[in-house]
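Colleague: Below is one structure. I have some questions about it.
The values are calculated or read from the model by the stated rules, or taken from the named source; none is laboratory data. Just so we're clear, the structure is a prediction, and the values are computed from it rather than from any experiment. Neighbour counts are summed over all protein chains in view; Cβ atoms, including those assigned to glycine, are modelled from backbone coordinates with ideal geometry.
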Amino acid sequence: MTTTTDVIDPATGAVFTSVPSLDLAATDAAVERAAKAFPAWRAVAPGDRARLLRRFAALVDQHVDELAELEVRNAGHTIGNARWEAGNVRDVLDYYAGAPERLTGRQIPVPGGIDVTFHEPLGVVGIIVPWNFPMPIAGWGFAPALAAGNTVVLKPAELTPLTAIRLGELAVEAGIPRDVFQVLPGPGRVVGQRFVTHPAVRKICFTGSTGVGKSIMAGAADQVKRVTLELGGKSANIVFADADLERAAASAPASVFDNAGQDCCARSRLLVQESVYDKFLGLLEPAVKGFRVEDPALATAEMGPLISAGHRASVASYVEGSDVAFTGRAPEGDGWWFPPTVLLARSADDRHWREEVFGPVLSVLPFRDEEDAVRLANDTEYGLSGSLWTRDLGRALRVSRAVETGALSVNSHSSVRYWTPFGGMKQSGLGRELGPDALLSFTDVKNVFMAMGDQ
Ligand code: NAP
Ligand code: MG
C-alpha cells in the first residue's frame, strides 16, 4: 500500500504539499521494472544514449528557475544556491553525456591471440540521497550511472523529495524510458534498505550520515554489492600567519555557513596560527555579523533556515554551555532559524570541535606551527574536505600532502567541481564521485581473450 508524506517549508514550518511514500511491495515492483529495462538500455547505441542525456540536460536547463523555486520552498536553500544546484545537474548530465562514446577498454598484448577489456554496466544502481543537497547529489549518481548503461532507482530523502520527482519527469520528457530512471520517494528504512537487500540492485551510491553509511556497507557485504559512500565531515580551514588574512577572514563565513552549515564539506573547524589569532578573530567578527540570514527566496539571502525542528534542536545542543565568541543574526518567529555562531574550543576534546554539527556553527582553535596545524587537522575520524591559507608555496604543497582529506583547496574554499574527483578519506567515505574516473565505478571490467587458433 502506498501512503503519503507531508512536505514542509522550513522557512515557515508549514505543510504545503504531500507526496506518495512507497512501501516494500512498490519498491520491489520498481526494482523489477528497472532490472527488466536494463538489457534494452545497455543496448542503446552509445551516440543515442549520449543524445538522450544531452536532451535531459537541455530540459533541466529550461527548468532551472522552476527547480530552484521548488528547492527554496522544500529545503530552505537560498535562491542563488538553488539555481546553481539545478545548473549543476545540467552540467553533470552534459559532462557524462560525453562518456558513452568514449567508454573504451584496452587491447593488451598477449601470446596466442588478442585480449580486450570491456567496461560493462552493472545492472540496476540504487542511489540514496540526503536532504542537504537534493539535486546535485542525485545528479552525481544518476548521470554517470545512466551514461555507463545502468538503470537507476533513486530514493530522495523524505524531507526533500520534490526536485528529484520533477527531475524524474523531465527525464521521461527527454525520451529516457520510464523504467530506466525511476524516483522512489519513501522512508530510508523501507525503500533505501530494500536497495541493500534486493539482489537485482548491483550497486548503491549512498550520501548521508556515517552511521547509516556503515550499516549499508555491512549489509552490502552479503551480496558483495558495490558501494560508493559519501558520509560526514569535520573539515579544517587552516590559516597561517603569512596568509592574506583579509581574504581568508572575508571568505571563512561562507565556507561554513553556506546552506546553513548543512554541508558535508563545511569548514567547521577553524585553525588559526597563534601569532595572528586575535587579529584574525577581529577580522572575522564583522564578516560573521554581516552574513545575511533571511527569507531564502530573496536574491540577497546568503543563508536560510535549518531543515527541520528536530535538526535545529540538535544544532542548539552544541552551543549550550560552550564559549560563544560572537554570533550573527537570524529572523525570529516561525521556521527553523539559527544564527551563524562562532565557538571558541577549549581544547580538541570539545564535542563541538569533534562532532559534525551540520549547522551554522564554527569552532575555533589556535595552533603553534605547521606540524601542530597538520596534527590538529588530522585528529579526526573524518577526512572529506578542507582549506589552507598561506602565501608560501612550499608550505602549501607540504600541508596539502599531509592533511588526510579527499578534497583540499589552497587560498579558496572550493570542494566540488564536476570536472574533478570528490569524496572522502577515512570515515568520510569510500570511492569518488564526479570527474573522469567516477564513470568506471558504475562498471565492472570484463577481460576477453580470443585465441588465434592453429593455422
Ligand atoms: P541519514 O539518516 O543518513 O539519511 C540519508 C539518506 O539515507 C536519506 O535518504 C534517508 O532516508 C536514507 N536512509 C536512512 N536510513 C536508512 C537505512 N537504514 N537504509 C537505507 N537508507 C536509509 O541522514 P539524516 O538523518 O538525514 O541526517 C543525519 C546526519 O547525517 C546529519 O545531521 C549530518 O550529520 C549527516 N548528513 C551528512 C550528509 C552528507 O552530505 N554527508 C548529508 C545528510 C546528513 P529518509 O531521510 O527518507 O529516512
Ligand atoms: Mg536519518
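Colleague: Among the candidates L343, L306, which residue alone is assigned to a loop (DSSP other than H, G, I, E, B) and either outside the structural domain of L283 (by TED's automatic domain parsing) or of a type in the set (A, V, I, L, M) (or both)?
Modeller: Just one listed residue meets the conditions, L306.
Colleague: Take R417 and tell me if it is part of a helix (DSSP H, G or I), over 23 Å from T341 (Cβ atoms) and outside the structural domain of S215 (by TED's automatic domain parsing).
Modeller: For R417, the condition - part of a helix (DSSP H, G or I), over 23 Å from T341 (Cβ atoms) and outside the structural domain of S215 (by TED's automatic domain parsing) - is not met.
Colleague: Check whether at least one residue in region 433-441 is within 24 Å of the chain's Cα centre (by Cα) and on the phi > 0 side of the Ramachandran plot, and report yes or no.
Modeller: Let us first name the residues in region 433-441 that are within 24 Å of the chain's Cα centre (by Cα), namely 433-441.
Still in the list and also on the phi > 0 side of the Ramachandran plot: 434-435.
Checked against the condition, which is being within 24 Å of the chain's Cα centre (by Cα) and on the phi > 0 side of the Ramachandran plot, region 433-441 yields at least one hit.
Colleague: Identify all residues within region 45-57 that are over 27 Å from the mean Cα position of the chain (by Cα) and touching a residue at least 24 places away in the same chain (Cβ under 8 Å); write none if there are none.
Modeller: Selection gives P46, G47.
Colleague: How many residues, within region 93-122, are among the aromatic types (F, W, Y) and either part of a helix (DSSP H, G or I) or not assigned by TED's automatic domain parsing to the domain that holds A138 (or both)?
Modeller: Total satisfying the criteria: 2.
Colleague: For region 208-219, give me the residue count where each residue is away from ligand 2 (no atom under 13 Å from the Cβ) and surrounded by 16 or more Cβ atoms within 10 Å (Cβ to Cβ).
Modeller: 2
Colleague: Just name the residue that is farthest from V44 (Cα to Cα) out of those in region 106-165 that are in contact with a helix residue (DSSP H, G or I) (Cβ under 7 Å, 6 or more places away or on another chain) and polar (S, T, N, Q).
Modeller: N132
Colleague: T197 is checked against (1) surrounded by fewer than 23 Cβ atoms within 10 Å (Cβ to Cβ); (2) touching a residue at least 40 places away in the same chain (Cβ under 8 Å) and fails just one. What number does that condition carry?
Modeller: (2)
Colleague: List pairs: first residue in region 10-39 and closer than 19 Å to G188 by Cβ, second residue of a type in the set (D, E, K, R) anywhere in the structure, Cβ distance under 6 angstrom, at least six positions apart or on different chains.
Modeller: If the second residue must be of a type in the set (D, E, K, R), the pairs left are S18/D6; T27/R194; A34/D179.
Colleague: If you don't mind, there's one more thing I want to ask. Would you check which residues across region 355-397 are part of a helix (DSSP H, G or I), charged (D, E, K, R) and crowded, with 16+ Cβ neighbours inside 10 Å and list them?
Modeller: Selection gives E370, R395.
Colleague: Checking A82 against (1) within 20 Å of the chain's Cα centre (by Cα); (2) modelled with pLDDT under 95, only one condition comes out false. Which one?
Modeller: With respect to (1) within 20 Å of the chain's Cα centre (by Cα); (2) modelled with pLDDT under 95, A82 is out only on (2).
Colleague: Can you spot a residue in region 72-92 that is closer than 23 Å to F38 by Cα and in a loop (DSSP other than H, G, I, E, B)?
Modeller: no
Colleague: Then there's this: Taking G149, is it away from ligand 2 (no atom under 16 Å from the Cβ), farther than 20 Å from A26 by Cβ and assigned by TED's automatic domain parsing to the domain that holds L67?
Modeller: Answer is yes for this residue.
Colleague: Kindly indicate which of D263, D258, D222 is assigned to a helix (DSSP H, G or I), surrounded by fewer than 24 Cβ atoms within 10 Å (Cβ to Cβ), within 15 Å of the chain's Cα centre (by Cα) and within 16 Å of ligand 1 (Cβ to nearest atom).
Modeller: It is D258.
Colleague: Does T197 count as within 16 Å of ligand 1 (Cβ to nearest atom), in contact with an Asp or Glu (Cβ under 7 Å, 6 or more places away or on another chain) and not acidic (D, E)?
Modeller: When the stated conditions are applied, T197 does not pass them.
Colleague: Does at least one position in region 189-207 carry a residue that is within 15 Å of ligand 2 (Cβ to nearest atom) and in a loop (DSSP other than H, G, I, E, B)?
Modeller: Scanning region 189-207 turns up no residue that is within 15 Å of ligand 2 (Cβ to nearest atom) and in a loop (DSSP other than H, G, I, E, B).
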